[in-house]
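The values are calculated or read from the model by the stated rules, or taken from the named source; none is laboratory data. In this text the structure is predicted, and so the values were computed from the model without any measurement. Positions of Cβ are generated from backbone atoms using ideal geometry, with glycine treated the same way; all protein chains shown enter the neighbour counts. When the accessible area is computed, the model is the full protein with side chains, heavy atoms only, and any ligands, DNA or RNA have been set aside. Shrake-Rupley method; radii C 1.70, N 1.55, O 1.52, S 1.80 Å.
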Amino acid sequence: MKEKLPQVLFGGGKLNTRARIQCVVKSTFSETRLVPALNDLLIANPSPAAVSRFRMGWLKEVDLEPTQSLRDGGGSGLTPAGKLASSLSEPQMLPRSQYGTITRFGGKPYDLQGSLNVWSSGMWVSTGTGSTAAMAAAGGIPMEESSPDLQYLIREHMIENSPNKKEIKDLDKGILHKGDHLGLRWNSQKGRIFIDGSHLMHNIELGDEIMIDSNVPPLALYSRWT
């Protein structure tokens with residue numbers, strides 16, 4: 001520090017950026033944006049002996065435009081199907097039959113696609129910085145430290161008796177590219193999200209929804225001096 005800090009202050013050194021993980025948890029009456037993780041997230045049951053049950057898929061933002069609604073005092077408002085809209089109801093949305101499960105994060109509607117039910121020991125999500133730690137030990141792949149992508153891995157997924165075992169096995173682990181959103185619906189009574197280790201955590205409950213991506217400002221730091 002004594003040698004390198006003056007170099008930084010006078011314009012020397014190389015400034016690098018590291019991707020971080022953004023995690024948003026939506027409960028019944030609240031939506032919580034967790035502290036960005038530099039290394040990894042572990043999402044699992046608080047008890048290491050218990051099964052972690054959740055539904056996992058990819059969240060794709062959709063365009064649900066409200067139709068014309070009635071003004072106070074009368075008038076006529078029609079839905080796309082030609083039915084009368086009540087002046088006391090919320091603006092009608094476009095038919096949702098073309099979508100799967102619609103959910104909202106930050107007020108934006110998302111469609112959950114390519115989903116599967118998971119019975120496992122939980123899930124790891126890591127950045128390039130954290131890919132050589134717990135992720136690699138669990139069977140993941142090391143990534144470049146400066147990579148903007150994230151990596152996920154389901155721990156001990158119980159798929160032995162599934163009829164589409166090969167298809168599910170291909171989804172056990174993968175890469176989240178910039179702009180991708182991984183979505184989870186927690187189906188166990190209790191759960192916990194561990195952020196960069198065991199000292200920082202967030203409790204989750206049955207029915208909570210989680211969105212994970214890298215859409216958070218990266219960490220800027222000076223490293224690997226030459």
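So here's what we get for this one:
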quantity: Chymotrypsin sites (Phe, Trp or Tyr not before Pro) restricted to DSSP loop in region 16-62 with at most 13 other C-beta within 10 Å; calculated: Phe29
quantity: Additional length obtainable on full extension of the chain from Met201 to Asn117, 0.36 nm per residue less Cα span; calculated: 27.9 nm
quantity: Thr17 accessible area, assembled protein chains, probe 1.4 Å, Å²; calculated: 70 Å²
quantity: Order by protection proxy (mean Cβ within 10 Å, highest first), peptides 30-39, 207-216, 194-203; calculated: 207-216, 30-39, 194-203
quantity: Area of Arg53 that stays accessible when all protein chains are in place (1.4 Å probe, Å², to 10); calculated: 90 Å²
quantity: Calculated from backbone phi, Karplus (6.51, -1.76, 1.60) coupling profile of region 105-119 in Hz, x at Gly/Pro; calculated: 10, x, x, 9, x, 10, 9, 7, 10, x, 8, 8, 7, 10, 10
quantity: Spatial separation of Cα centroids for region 1-64 and region 111-147, in angstrom; calculated: 12 Å
